[in-house]
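Student: Shown below is the structure under consideration.
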Amino acid sequence: MSQASSDAIAQNNSSNPISDTQRGFILASGSPRRLELMAKLGFAPKVRVSAVPEERGAGESPSEYTRRLALAKAEAVRDEMAAESDVRDWILAADTIVIIEDEAGREVVLEKPADGDEAAEMLGRLSGRAHVVETSYCWLQRSTGRSKVESVRAKVEFRELTPEMIARYVATGESLDKAGSYGIQEVGAALVRRIEGSYFTVVGLPVCEVVETLTELGGLSGFPFQDE
Ligand SMILES: Cc1cn([C@H]2C[C@H](O)[C@@H](COP(=O)(O)OP(=O)(O)OP(=O)(O)O)O2)c(=O)[nH]c1=O
């Protein structure tokens, strides 16, 4: 979704409870899902995509990894905008991974696949089993340098998939820009038997917690369902 269309969504919502200044934060993410989710709440984010390399460090746990990336994505955009006199004060970034245990009980992190073959391999691992989706997000305030990182997990159980089903799913093309090679919000919904936790965590942004954190930090007031 373009910046213009997200603005239009927010402005056309006549009952939008978010003030003009609070509406326009900076979304440090190229994920169209994250933009769409925040726009649906009434925000009108300006998108700035970071170029942070996504590479897990040796000895870094999955949570440490997503938390580090969420902060690094926000900081990269803050640094890029340092010389700009943009009035928007808050930056939001996020990182989503899939975690599954291997035969030895070790946690394996699945990110976005490099190609269709890797997507098929990941889906083979997920078939007929449960895995965890973890999304970490970061709110960073440009004027004070303050930041807060939080992580939210959901458990997702897949139906059993045959190699033919996997091949047909990969052929839809929706695997390639998604952690774990599936999109629960698209055709991938038909792969998911049950989930425990928030659907939005799986899609890439746990909106309830994201709004809650911004309110706690003092960056949002007047939003419904928040006790300020
Ligand atoms: C599991 C799952 C992931 N995803 C997406 C969410 C994220 O966009 C993506 C994980 O990659 P991320 O690196 O978290 O995000 P991104 O590369 O899309 O965007 P950016 O780094 O600029 O913020 O996978 C879905 O859309 N649906 C799903 O069901």
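Computed from the coordinates by the stated procedures, all read-outs in this text should not be read as laboratory data. Please read these numbers as outputs of a predicted model, since none were measured by experiment. Counting neighbours? That spans all protein chains shown, and the Cβs are built from the backbone with ideal geometry, glycine included.
Student: Under the rule of -39500 (n - 2.57) per DSSP H run of 4 or more residues, summed and divided by the residues of the chain, what mean residue ellipticity at 222 nm is obtained, to the nearest 500 deg cm²/dmol?
Tutor: -10000 deg cm²/dmol
Student: Tilt of helix 116-126 relative to the longest C-alpha principal axis of the chain, in degrees (0 to 90, nearest 10)?
Tutor: Between the helix axis and the principal axis of the chain, the angle is about 80 degrees.
Student: Below 8 Å, C-alpha to C-alpha, sequence gap of six or more: please give me the relative contact order for the chain in percent.
Tutor: 19 percent
Student: Moving to a separate point now. In whole Hz and in residue order, list the ³J(HN,Hα) couplings for segment 81-97 that follow from phi through the Karplus curve 6.51 cos²θ - 1.76 cosθ + 1.60, θ = phi - 60°; x for Gly and Pro.
Tutor: 8, 3, 8, 8, 8, 7, 6, 5, 9, 9, 10, 10, 9, 8, 8, 10, 9
Student: Let me ask you something else. Using alpha carbons only, how many degrees (0 to 90, rounded to 10) separate the axis of helix 207-216 from the longest principal axis of the chain?
Tutor: So the helix axis and the longest Cα principal axis differ by about 30 degrees.
Student: When the distances between all Cα atoms of segment 108-155 are binned every 10 Å from zero, what whole-number percent does each bin get?
Tutor: 20, 34, 25, 15, 5
Student: Using the Kirkwood radius over C-alpha pairs as Rh, can you work out the diffusion coefficient of segment 169-228 via Stokes-Einstein at 10 °C, viscosity 1.306 mPa s, in µm² per second?
Tutor: Translational diffusion coefficient: 117 µm²/s.
Student: Another question, then. Taking the Cα-to-Cβ direction at Ser85 and at Thr144 and moving 7 Å from each Cα, how far apart do the two end points lie in nm?
Tutor: Placing both labels 7 Å beyond Cα along the Cβ direction yields 2.5 nm.
Student: At q = 0.18 Å⁻¹, what is the log10 ratio I(q)/I(0) for segment 83-228, with the Debye formula run over Cα points and no solvent?
Tutor: Calculated log10 I(q)/I(0) at the listed q: -0.98.
Student: For segment 162-169, take each phi angle, set θ = phi - 60°, evaluate the Karplus expression 6.51 cos²θ - 1.76 cosθ + 1.60, and give the result in whole Hz per residue in order, putting x for glycine and proline.
Tutor: These are the phi-based 3J(HN,Hα) values: 8, x, 5, 4, 4, 4, 5, 5 Hz.
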